[in-house]
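Report on the structure given below.
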Amino acid sequence: LARDLACAGGPDHTSGSSLRAHMAPRSCVAIVLAVATNVGLAGIALPLSDADALDEDECSSDGGDSGAACALHALQRRGAQIVAAAESAVQGDAAASFEGSEWKGSCRVYGCRERYWAGFLCQCNADCVKFNNCCGDFAEKCLQLAPTTATTTNRATGAGDSSSGSTGPYKLDWAAQGNEFFNGWTFLTVDSNHGSPEYLNKERALAAGVAAAYPSHAILRAGSVSPQYKYKRQTAKIATQRSWKHFLTAMRYTHLPYGCGVWPAFFTLGVGAPWPQAGEIDILEYVNMDRSKSSLHLGENCQLRSSAVNRAFIMPDRNEMDYECLTSYPDQLGCAPNKWMKTGMQWSHDTGVIALEWTEESVKMFFIPDQEIPADLEGDAPDPSTWDRWLFSYYPLKESGCSPDVLKPQQLLLQISFCGDWASKVWHLDEACKPMMDNCRSVDPLSEYAPQEDCCTQFIWDEHKTHGTDQYLSDRAFFNISWLKVFQKS
């Protein structure tokens, strides 16, 4: 990576940088080797000779210096620039060094490693699976488990088999977009998580700016402090008025809510039975600055076969329930096989489409970056049997012997909640949020009612406007959704 930064050769290859311009490759190698040691990149594989470029070597000219002295002189002149660029690339600051989201932290950039490397945004060693910090392309680049074509990938997960119920495109059945985005939703007003949201009905949400629809997008955001309820802040939780059995849903977004005290979610909920008997699929859900963890919650035993879950990609059960999806809190959390996880802030910055497919065979979740959205989805005739390279969470229900009726018809929900029986009680565990508040503690509202002492509640409420919470949430806690669609087979 460092050699590529310094020695690719073209003056305009990197936007806003002349670092690569007119640099002789062999002397570059010497420079970059030294720099790599300085910035902790000694593990990067660099070629030690460039025979095809000897004629251009500035250190072979008649300057009088020895080769070593010339390399040292070049390092002194250029080293600071290269260090800055290398450090920027390692930290994933694409705007500073590269164009393209692939440079934000990946095994393609870092290379496969034998041990942990400090400073990397994610890891590319065997232990990263255990510590939940693998780069998104770890399996593909380092384990070589990911098949190289759509056809073999589909065989690996079962999506390409004619018996799977996943072949052929879907047809658009329902859409939320444009000025009419909120027409097909019910605005729910009950908080079942003992937190700080005042969920508004549709009329009040639109009037308060908590919900807003435009020709190109819709906004759902955290609102103002409640004028009538102590410890509460206005917000919204919406559910589709329709439900579906066996469907594909996809949401394109340009921003997702995140931040201290915030509890966003995009999920499905089964109808016709009490929770969790009808099932729940969490597509996105996270609190504070923690990572999102997609999961499945069921009211009956359904233990996924590890061999089936991990056939194409390594997907540890992030809930550490050995892939048992039965949910009964606090002991049984449901199953959460995820290839990788990202914080809410990372999700928000990595814009694109997040999608869920539920068939007779399985539940699959996909993330498709903006620049890779396929033509079939753009044309409202998606064929997810070709999407497995974007798969990040997989639940092989049928192959695992789970009941075909383990999930009831599902409706879609979006919410921005605050604090409550998750975000409040883990506040002190979040290194980004903990320093923001003094003279308070993390309170579990399921154990006691003490909002006046709870750090999360006090920050979200911000009674005396001393924490800057209004502006903090305005900058972070909102959905910006281009469209949300549901597709079904004809």
Could you derive backbone 3J(HN,Hα) for the range 324-332 from the dihedral phi with the Karplus parameters 6.51, -1.76 and 1.60 (θ = phi - 60°), listing whole Hz in sequence and x where the residue is Gly or Pro? 7, 8, 4, 10, 8, 5, x, 8, 10
Which residues qualify? For GLN410, with a placed amide H closer than 5 Å and at least 5 residues away or on another chain, they are TRP244, LYS245
So, with points 7 Å from each Cα along the Cβ direction, the ASP438-TYR229 label distance in nm works out to 3.1 nm
Give the share of C-alpha pairs in each 5 angstrom bin for the range 198-267, from 0 to the last occupied bin, in whole percents, shortest bins first. 3, 12, 22, 24, 20, 11, 6, 2, 0
Subtracting the Cα-Cα distance from 0.36 nm times the residue separation, let me have the gained length for ARG108 to ASP331 in nm, one decimal. 76.4 nm
Give the calculated FRET efficiency between SER307 and HIS428 to the nearest 0.05, with a Förster radius of 41 Å applied to their Cβ-Cβ distance. 0.60
When only Cα pairs under 8 Å and 6 or more residues apart are kept, what is the percent relative contact order across the range 359-417? 45 percent
The answer for GLU198, listing residues at least 5 apart or on another chain whose modeled amide H is closer than 5 Å to its amide H, is ARG233, GLN234, THR235
Counting only residues 5 or more apart in sequence or on a different chain, those whose built amide H sits under 5 Å from that of GLN303 are CYS325
Suppose the chain between ASP475 and GLU448 were pulled fully straight at 0.36 nm per residue; how much longer would it get relative to their current alpha carbon spacing? 6.6 nm
Karplus-derived 3J(HN,Hα) from phi for the range 289-300 (6.51 cos²θ - 1.76 cosθ + 1.60, θ = phi - 60°), whole Hz, x at Gly and Pro, runs 9, 7, 8, 6, 9, 6, 7, 10, 10, 10, x, 9
Cα coordinate range in the range 336-490, projected on the principal axes (Å, largest first): 57, 37, 25
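If the range 258-311 were replaced by its equivalent ellipsoid, with semi-axes equal to the square roots of 5 times the Cα gyration tensor eigenvalues, what would those be, largest first, whole Å?
24, 18, 8
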Kirkwood Rh over Cα pairs of the range 236-337 into Stokes-Einstein at 37 °C, 0.692 mPa s: D in µm²/s? 218 µm²/s
Per residue convex hull volume, Cα only, the range 274-385, in Å³ is 129 Å³
Which whole-Hz couplings ³J(HN,Hα) result when phi for each residue of the range 372-381 is put into the Karplus expression 6.51 cos²θ - 1.76 cosθ + 1.60, θ = phi - 60°, listed in order with x for Gly and Pro? 10, 4, x, 5, 5, 6, 4, x, 6, 9
Sorted list, accessible surface of protein heavy atoms, 1.4 Å probe, largest first, for SER306, SER295 is SER306, SER295
Find the relative contact order for the range 256-409 and round it to a whole percent, using C-alpha pairs within less than 8 Å whose residues are 6+ positions apart. 24 percent
Between the range 357-389 and the range 301-354, how far is it from one alpha carbon centroid to the other, in angstrom? 18 Å
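Carbon and sulfur atoms: what percent of the 1.4 Å accessible area of the range 324-450 do they account for?
The value for the range 324-450 is 50 percent carbon and sulfur by accessible area.
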Quick check on packing: order 373-379, 205-211 by the mean number of other C-beta atoms within 10 Å, highest mean leading. 205-211, 373-379
Extension gain TRP275-ASP350, at 0.36 nm per residue separation less the Cα-Cα distance, in nm? 23.8 nm
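The values are calculated or read from the model by the stated rules, or taken from the named source; none is laboratory data. Only a predicted model underlies this, so the values are computations on that prediction, with no experimental measurement involved. Glycine also receives a Cβ, built like all others from the backbone with ideal geometry; neighbour counts cover every protein chain displayed. SASA here: full protein model, heavy atoms, side chains in, ligands and nucleic acids out. Shrake-Rupley method; radii C 1.70, N 1.55, O 1.52, S 1.80 Å.
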